[in-house]
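The values are calculated or read from the model by the stated rules, or taken from the named source; none is laboratory data. Nothing here was measured: the structure is a model prediction, and the numbers come from that model. We place every Cβ from the backbone using ideal geometry, glycine too, and count neighbours over all the protein chains shown. Only protein heavy atoms, including side chains, enter the accessible area calculation; ligands, DNA and RNA are left aside. Shrake-Rupley method; radii C 1.70, N 1.55, O 1.52, S 1.80 Å.
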Amino acid sequence: MGRGHDRLGGVLIDKFLQALADLPEKPVIVAFYNGGVRLLCEGSPVLESLGKLQAAGVELLACGTCLEFFDLRAHILVGRDSNMREITGALLTADKVI
């Protein structure tokens, strides 16, 4: 989350995703792009939190161009392969974007 210390960033993103999973109001979609697609793949330290979000009905969208760039298409464990058209459409039609 942000730039700075990588280990701290990992802790912060995990706490953020845990908070999202625990709150009564959940987002409809969470989009992942650039290096963020790694969070959806094997070896990610936040798979448990993401799995809870997905089980609660939150759609986890991974940028397909990013997955291809990092050669991760075959390694997604939660969420699904998407594209920038779908992600942009979701942003444009959302009531609220964070």
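When the alpha carbon coordinates of the chain are projected onto the principal axes, the ranges are 34, 33, 26 Å, largest first.
Atom-type composition of the exposed protein surface of region 1-86 places 54 percent of the accessible area on carbon and sulfur (1.4 angstrom probe). Computed on the chain, with alpha-carbon pairs under 8 angstrom and 6+ residues apart, the relative contact order is 25 percent. Average accessible surface for the chain: 68 Å² per residue, computed with a 1.4 Å probe over protein heavy atoms with every protein chain in place. Protein-only accessible surface at a 1.4 angstrom probe places the residues 69, 16 in the order 69, 16, largest first. For the chain, the Cys residues with no second cysteine's beta carbon closer than 4.7 Å are 41.
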